[in-house]
Every structure is written in C-alpha cells, then in structure tokens.
1. Mind checking whether some residue in segment 109-125 is of a type outside the set (Lys, Arg), under 24 Å from ASP167 (Cβ atoms) and either touching a Leu at 6+ places or on another chain (Cβ under 7 Å) or not in a helix (DSSP H, G or I) (or both)?
2. All but one of (1) in contact with an Asp or Glu (Cβ under 7 Å, 6 or more places away or on another chain); (2) part of a loop (DSSP other than H, G, I, E, B) hold for VAL58, so report the exception by its number.
3. Pairs only if they're at least six apart or on different chains, beta carbon under 8 angstrom, first in segment 103-122 and surrounded by 13 or more Cβ atoms within 10 Å (Cβ to Cβ), second assigned to a helix (DSSP H, G or I) and small (Gly, Ala, Ser); list them, first residue then second.
4. Does ALA172 meet the test of being without any contact (Cβ under 8 Å) to a residue 60 or more places away in the chain, part of a helix (DSSP H, G or I) and open to solvent by less than 60 Å² (accessible area, probe 1.4 Å)?
5. What are the residue pairs meeting all of these: first residue in segment 22-37, first residue closer than 17 Å to HIS48 by Cα and without any contact (Cβ under 8 Å) to a residue 40 or more places away in the chain, second residue among the charged types (D, E, K, R) and open to solvent by less than 40 Å² (accessible area, probe 1.4 Å), Cβ atoms under 8 Å, and 6 or more apart or on different chains?
6. Take the conditions free of Cβ contacts under 8 Å to residues at least 24 places away in the same chain and either touching a His at 6+ places or on another chain (Cβ under 8 Å) or of a type outside the set (Phe, Trp, Tyr) (or both) and apply them to GLY140. Does it pass?
7. Considering only segment 31-53, state which residues are assigned to a loop (DSSP other than H, G, I, E, B) and open to solvent by 20 Å² or more (accessible area, probe 1.4 Å).
8. From GLY282, GLY311, which residue is touching a Pro at 6+ places or on another chain (Cβ under 9 Å) and either among the basic types (Lys, Arg) or in a strand (DSSP E or B) (or both)?
Amino acid sequence: MAGSRLELVFGGTPPQGRMLLIGAGAATDLSVFDPERVQIVQGFYPDHRALEARGLDVVTEASGDFDAAVVFLPRARAEARARIADAAARLAPGASLWIDGQKTDGVDAVLKEMRGLAAVDEVQSRAHGKIFRVTLPEAGWLPEGWAARDHEAAPGMVTRPGVFSADGPDPASQALAAALPEKLPTRIVDLGAGWGWLSAEILRHPGVELLHLVEADAAALDCARRNVADPRARFHWADALDFRLPEPVNGVIMNPPFHEGRAADPKLGAGFIRAAAGLLTGAGRLWMVANRHLPYEQALRECFAEVSELGGNSRFKILTASGARRPAAGRPHPKGAQPKGRRR
C-alpha cells in the first residue's frame, strides 16, 4: 500500500515544512506526516468525508504555497499530469515533489517521463508500486498542456481530466436516454450524474419540474454545474449510496458504476439500487442501464415489487422498476478503492 512506500522515504521522522498531498485517500497511511502541516486535496466525497472525520485539512482544490508535495497517481494519464502540474505550481525551485503510484496506474511510465524533465532520485519500490522524488527546476520545466483544462466532450459541454467518460457521453447513458419515455415524473434524481450529459437529456422531457444531480466526484459535479444551466437543476456533492432527501421523489434515473478501482464489483451497482429504492415513493419509478452480463435483477426484485426490462442491445440492458420497498441503504466498504477509477 502507499503507506509502506511513504515510510521508505520519510522513515519515522515527519517531513518538515508545509506539505501538500494530492490524491491521498481514506486507505492511505498518513502516519508519517504531521497533521498540523498537511493539506490534502481529495475530490471524491466518501474519501474526503473520511479524512475530514480524522481532523485533517481536506480540500477539493489546493490553496497557498508549500515546502514539499506528494502526488498519488490516478489511473488517467491526463489527470496524473494535471496533479503534477498543480503540485509543481505551488512549490519553489529546489523543492521536493514526491510521486507515488502503482505499476497498474502507470508509475513506471511517469518515472521515465519525469527523468526527461528534471532531476529524479530516491526511487523506492514496494507493494507493486514505486515512489520517487523530483527536485523542481526553475519555472517552465513542465510541458505546455499538463495543467488541467476544459475538454469539449459534447456541444456546449465540458469535462476535466479524470472524470468518468471525459472524452464524450458514455454509450450506456446514451442507450438509457434513448429508452426513456417521452413524459417523465415531476421530481427526479440522477444518481451518479457525472458531468451532466444524462441530466441535460432528462430535462428535455416534458413533465420534469425538479432534477437532483447527485455525484461524488467534485470535479465532475463542477462540470455538471457549468453544463446544466437550468433553474430546475439542484446539485449535490454526496455519496450516492447513502444520499437522502427530506421528501421522496417519484423518479430515479441512473447509470451506476460497477467498478471500484480496477476490480469489478457488482455489489456497487446493487448499492445504487438500494439507494434508489430509499429515495422513491411507492408509486415512483426507477430507470437504469447496466452491462448485459451484470446480475442486477435479484437486487431489483429485493427492493421493488415490479421489475422489467425495457430493451437494450448486446452490450447493455435497460431496466425499470416500481413499488419501492425503501430498504436501508449503505455503502460497501471495498479495501483500498481508488476514487476516480469507478467505471460503468
């Protein structure tokens, strides 16, 4: 795990000065750091909430300057570069920038890339990953384009590095949008709304008076706020698995993820189904899309009185359900989950 590699380079002595940690999660061993000198950038709501509960300074965007930094690599290359650029912009020349990551997240490729840009040393390997130090040169050493920037993923709609389906609308969401009835319920939740493409499609239908966009990734939700400029939209940075509203709604529409990190975990989608049942009135209806092979029908029948398949294709199935039994919802607790790695 990341903690064992941090111990390799820092030992039992907390590093001096103000430290910036970009991408540290709830499972990261931070015992080598002085909590009073650390700021953590974490945009995934469950991890953010867990770190905050430990009394740590957790933000979605870094603020101020730092004496050193650690970047924990995500899977997406563009997001990894954006994290490195963000950390470097907050450090003085000569400062230490540590980069930590798993081999499966491309740490070897990043190490090779960094060696061509700056002085690299203290390379340590453990637990199927590496950590290494970059000593910052003078300003301007990183290539142009590494900093996070907008990408037009659909006409008039932007994404940022690392958000799910950043290059364009997800095919599963497109299949779901095409299968929705012309008229939709008045009060709807888009559970796991991402950067807002499906929500924008929902708002095109007659009948919708209020739409709640629920998303755990702060960067994706920020994009959704820009992409869905509709007064009927309400935005919630929250964990979909335990999200609740003061009053139930009469529609939930969702394209739930079924991966935590690289590991397929259909229990995550089943958790979304339970959460949807907890949000709906008894007469309310759920519409969802899933990969054809995923066995969600059992979870649906446990949570709803009526379940049917609307259609789909060889890749996806469109499911609908009503008669919510409103079970207690709770999130699963995967070990060492990588927040931005959730995939549909």
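The values are calculated or read from the model by the stated rules, or taken from the named source; none is laboratory data. What you see is a predicted model; the values in this text were computed from it and never measured. Neighbour counts run over all protein chains shown; Cβ positions are idealised from the backbone, glycine included. These accessible areas exclude ligands, DNA and RNA; they are computed on the full protein's heavy atoms, side chains included. Shrake-Rupley method; radii C 1.70, N 1.55, O 1.52, S 1.80 Å.
1. Step one: list which residues in segment 109-125 are of a type outside the set (Lys, Arg), which gives 109-111, 113-114, 116-125.
Filter once more, so that each one left must be under 24 Å from ASP167 (Cβ atoms): 109-110, 113.
From what's left, either touching a Leu at 6+ places or on another chain (Cβ under 7 Å) or not in a helix (DSSP H, G or I) (or both): 110.
For segment 109-125, residues of a type outside the set (Lys, Arg), under 24 Å from ASP167 (Cβ atoms) and either touching a Leu at 6+ places or on another chain (Cβ under 7 Å) or not in a helix (DSSP H, G or I) (or both): present.
2. So the condition that VAL58 fails would be (2).
3. ASP105/ALA80; GLY106/ALA80; VAL110/ALA80
4. Values: without any contact (Cβ under 8 Å) to a residue 60 or more places away in the chain: no; part of a helix (DSSP H, G or I): yes; open to solvent by less than 60 Å² (accessible area, probe 1.4 Å): yes.
It is false that ALA172 is without any contact (Cβ under 8 Å) to a residue 60 or more places away in the chain, part of a helix (DSSP H, G or I) and open to solvent by less than 60 Å² (accessible area, probe 1.4 Å).
5. As it stands, the answer is ALA26/ASP47, since those pairs meet every condition given.
6. Here the answer is yes, as GLY140 does meet what is asked.
7. Within segment 31-53, the subset assigned to a loop (DSSP other than H, G, I, E, B) is 31-34, 42-43.
Hits for segment 31-53 are SER31, ASP34.
8. Numbers: GLY311 fails: touching a Pro at 6+ places or on another chain (Cβ under 9 Å).
None of the others qualify; the one that does is GLY282.
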